[in-house]
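Structure, as structure tokens:
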Amino acid sequence: MSSTTINRDGFRDRIERGEQVEPTENLPREYREAAQRMIQFHANSEIVGTLPERRWIKKAPSLRRKRAISAKVQDEAGHAQVLYRVAETLGLKTRDEMIEDLLEGDAKYANVFNYEAKTWADAGYIACFIDGAAMFRQGSLTESSYAPYARGLRKICYEESFHVKHGEDIIRSLATGSKKEQEMLQDAVDRWWEPTLQFFGPRDDDSVHQDELMDWGLKVKTNDELRQQFLEEFYIPKLEQYGVEIPDDDLYYDEEAGRWEYSPLDWDRFLEVSRGGGPMNDARMDERTRAYEDNVWVRRAAGVN
Amino acid sequence: MLARNEPGFDLAAGEESFPPVEVDGELTEEDLWAALEDVEDPELPVSLVELGLIQEVRLEDGHVTVTFTLTYTGCPAKEIMERMIERRVETVPGVDSVTVDLRYDDPWTPADMHESAREKLGEAGFACPLAGGGVCDDE
Amino acid sequence: MTVDNLENAEESFVNALEAELLAVADDDHVMGNRLCDWTGVAPTVEEDVAISNVAQDELGHAELFYDQVAEIREGSSQELAYERSPEEYRNARLLEAPFEDWADTVVRHYCYDVADAVRLRALADGEYEPIEGVAQKVLDEEAYHTEHGEVWIETLAADVEGRERLVAALEDAWADALAFFEPAGEVDPAEAGVYGRPLDAQREAFVERAGSTFESVGLSVPDVDPAAETGREGAHSDDLEELLAETREVYEQGVDVGA
């Protein structure tokens, strides 16, 4: 038995005991690669996630909302900064390489950002429910086996909780507002229902990397577990509280199984969007690429590539 | 709703009911300070008192004036803080009315934070300068 | 002489104070909204966070000064920000146009920061006592912005292309920057006691401070007169009209306006 394998086996035991590991330790290459893929995806999602919302900062309908949404979008950029740094600790890729991967289409980000934020209700919806969904996912990941990631997420979660409050305040305002405001909110929920549930990723049976990530303790809850938890503890109660009609006639709570059952989501569409066929994929990448290319000279002057 | 896995995931913050306050004898400003210890910053795991944002508490014939400030003028949590301070003070027996006064004439600096705030922020992974020279732990 | 309560103040003082505070608020409002154009698309991730932070500060200052104006005249900061026509705006024209590039952003925002700091100092030294704390708080925050701007000027000036772009931006901006120091109301605000320093002297202080920063990296400021149209009298570019229209799109639909 080679020393690497012994080391590896010992590593597995530690992970199974729920220990967290530091980048300075001797980590199996497969572990580093799996962590890299997951954290890079997360960092990309934060940076691309600024794009649907950024144009709503100027349009915020009050000074107070403007303060909140500008802080929120800034936080997302800050999260990207933290997460790229966490990913760099793995020692596999530099941030520049990760950003190039993104622009060349070699690295993915959360599919949900390939949909358009069309109205102010969408801006509120994203803050409340997409950030809400992200909190469930990130909350579970504060127990991830990769210690720097877990630590980074604890701080991020505090900020996300404020975004959700800001978003919910908009939802409340629209839900208790004029007929037009209520309709705008309903329209947002109708359009975002499916992408929101798909935010947690493919069904457990279809997920390519999930088993590996769970084995390494990088993920601690499965996509389906998180989806259910979100539906039960947040999404459905909030929609009901604000009198929003849920756009799925077949939705029901299965008392026996203790879970929400809903109409099948369109997973073919999900794949199509993740492969570039969503309504905003090109726009997002164009905007990111322009930001990158227009400022090549600035980064060169600043000596940061 | 969510357990320790989800720090800060208390969506009802700002709306929650504060624990009851017991006042021994006549209400004093110290009682009010103690009550205000329960008002947490909406974005950080520490109280406004520990952060040094509550600057003055004045009690006059059952009317309370709380003077507070913000770390920076663009703080998006301004309204939530105002409401929480007001609601906390209202729960104290013997208080008839509350005025919350946001002021900037004695601007906040990190030096205004209590030692306990520094420690808690450091533990929660909040980096400098708020944690007062703490470690940027994600590096 | 000091004024601590406007009820006993002379009408000419109150009018001048109101006009100047409105100009300060409008400047911050326009600059803050403009800077938001960089959020999400700044040159680096670090700069994204930094510039968005600066934008937030400016927006916070706008609100603070609109609140001050709202205490003098009828209305609210919300109405002041969302319900006045472009002609009623008193912001400097320097701040209106969309940014051409990062050099233009650095130059215009730096000029603004320095000019604003000079003005706020003069305001704090003026006769209206209650403004002093607010002005000081804003000055403290602006100090970080100014430092941020100086680092960028130095950085860009050390690069061939960066230097060219800085020069071009400075050529475009300087006459407008000089026109920053014009009265926003009917009377001279320094004579009325609003500022503790005359406008011309404020302009000189600005030229000295900003000019020395540019000179320290070997750039000379253009030898030009202040632009004839300043913005302080209400003459604005189409850029301002477009910017304000954008900020009001949702507000004018009556969506989520009660917050």
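Taking every DSSP beta bridge that has both ends in the protein assembly as shown, the antiparallel portion is near 55%.
Of A:Ser173, C:Leu243, A:Leu197, which is farthest towards the positive pole of the protein assembly as shown's charge dipole, taken about the Cα centre with +1 and -1 on the beta-carbons of Lys, Arg and Asp, Glu respectively? Value: A:Leu197. Using only Cα atoms, tell me the angle between helix C:160-178 and the longest principal axis of chain C; keep it within 0 to 90° and round to the nearest 10. The helix C:160-178 is inclined about 20 degrees to chain C.
Using the Cα gyration tensor of the stretch A:133-231, with a ≥ b ≥ c the square roots of its eigenvalues, what is the shape: rounded (a/c below 1.5), prolate (a/b larger than b/c) or oblate (neither)? Oblate shape, in that a/c is at least 1.5 and b/c is the bigger or equal ratio. Sparsely packed loop sites in the stretch A:4-73 (the trypsin sites (Lys or Arg not before Pro) outside DSSP H, G, I, E and B with at most 12 other Cβ atoms within 10 Å) comprise A:Arg17.
Working from Cα pairs under 8 Å separated by at least six residues, relative contact order for chain A is 20 percent.
Taken over the C-alpha atoms, the stretch C:8-252 has Rg and Dmax values of 17.2, 58 angstrom.
Per-residue ellipticity at 222 nm for the protein assembly as shown, helices alone: DSSP H runs ≥ 4 residues times -39500 (n - 2.57), over residue total, nearest 500 deg cm²/dmol? Don't jump to the answer; show the numbers that get you there.
Values: 27 runs with 392 residues, N = 703.
Here the helix-only value at 222 nm equals -18000 deg cm²/dmol.
Result for chain C in a Gaussian network model with C-alpha springs under 10 Å: among C:Ala205, C:Ala122, C:Ala92, the largest mean-square fluctuation is at C:Ala205. Rg/Rh for the stretch C:85-142 (Cα atoms only, Rh after Kirkwood) is 1.06.
Which of the three applies to the stretch A:13-119, rounded, prolate or oblate, going by the alpha-carbon gyration tensor with a ≥ b ≥ c and a/c under 1.5 meaning rounded?
Values: a/c = 2.79, a/b = 2.08, b/c = 1.34.
In terms of gyration-tensor shape, prolate.
GNM on chain C, alpha-carbon springs under 10 angstrom: the most fluctuating residue among C:Val30, C:Val194, C:Val41 is C:Val41. Against chain C, whose longest principal axis comes from its Cα atoms, helix C:45-72 is set at around 20 degrees.
Under the criterion of Cα pairs below 8 Å and six or more residues apart, the relative contact order for chain C equals 26 percent. Dipole of the stretch B:29-105 computed with +1 at Lys/Arg Cβ and -1 at Asp/Glu Cβ about the Cα centre; of B:Ser97, B:Tyr72, B:Ile54, farthest Cα towards the positive end is B:Tyr72. Pairs exceeding 22 Å between alpha-carbon atoms, taken from A:Lys179/B:Lys78; A:Lys108/A:Lys155; A:Lys118/A:Lys155; B:Lys78/C:Lys137; A:Lys58/A:Lys179; A:Lys66/A:Lys238: A:Lys179/B:Lys78; A:Lys108/A:Lys155; A:Lys118/A:Lys155; A:Lys58/A:Lys179; A:Lys66/A:Lys238. Please check: in the Gaussian network model of chain A (C-alpha springs, under 10 Å), which one of A:Ala68, A:Ala123, A:Ala80 has the largest mean-square fluctuation. Judging by the Gaussian network model, the answer is A:Ala68.
Once a ≥ b ≥ c are taken as the square roots of the eigenvalues of the Cα gyration tensor of the stretch B:56-95, is the result rounded (a/c under 1.5), prolate (a/b larger than b/c) or oblate (a/b not larger than b/c)?
Because a/c hits 1.5 or more and a/b fails to exceed b/c, the stretch B:56-95 counts as oblate.
Other residues lying with their Cβ under 9 Å from the Cβ of A:Trp267 contribute a combined charge of -1, Lys and Arg counting +1, Asp and Glu -1.
Scan the stretch C:35-124 for trypsin sites (Lys or Arg not before Pro) in coil per DSSP, keeping those whose Cβ has at most 14 other Cβ atoms within 10 Å, and list them by number.
C:Arg73
Among the GluC sites (Glu not before Pro) found in the stretch A:204-302, those both in a DSSP coil and sparsely packed, with 15 or fewer other Cβ atoms within 10 Å of their Cβ, are A:Glu245, A:Glu255, A:Glu256. Once the Cα atoms are used to define both axes, helix C:199-216 deviates from the longest principal axis of chain C by about 20 degrees. Compare the Cα positions of C:Gly211, C:Phe99, C:His61 along the charge dipole of the protein assembly as shown (+1 at Cβ of Lys, Arg; -1 at Cβ of Asp, Glu; about the Cα centre) and return the one farthest towards the positive end. Value computed over the given set: C:Phe99.
Throughout, read-outs are computed from the coordinates displayed, never taken from laboratory work. Since the model is a prediction, treat every value here as computed from it, not as a measurement. All Cβ positions, even for glycine, are placed from backbone atoms using ideal geometry, and neighbour counts span all protein chains on display.
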